[in-house]
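These notes concern the structure reproduced below.
Please treat every number below as a calculation from the coordinates, not as lab data. All values reported here derive from a predicted model rather than from experimental measurement.
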Amino acid sequence: MSKKIKFNKCITCNKEFDTNLDTKPFCSKRCSYIDLNNWLDEKYLINTNEEDYERDF
Ligand SMILES: [Zn+2]
């Protein structure tokens, strides 16, 4: 009987990690935040495409 451990590759840093982790598909919570931030950044960029704020200084 051999116990097979499956590994996934983190989609953020490409590091292999144990699939038993509940941070799938990321190796860590940090990586999931990085991915989320990237995603939000793209949305944010689209929303702030127009310069509708003014600087007083
Ligand atoms: Zn990672």
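Table for the structure above
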{"read-out": "Additional length obtainable on full extension of the chain from Phe7 to Arg55, 0.36 nm per residue less Cα span", "value": "12.3 nm"}
{"read-out": "The range 7-47: relative contact order as a whole-number percent, Cα under 8 Å and 6+ apart", "value": "31 percent"}
{"read-out": "Gained length - Asn14 relative to Arg30, 0.36 nm times residue gap less alpha-carbon distance", "value": "4.4 nm"}
{"read-out": "Placed amide H near Thr12: partners under 5 Å, 5+ positions off or other chain", "value": "Cys27"}
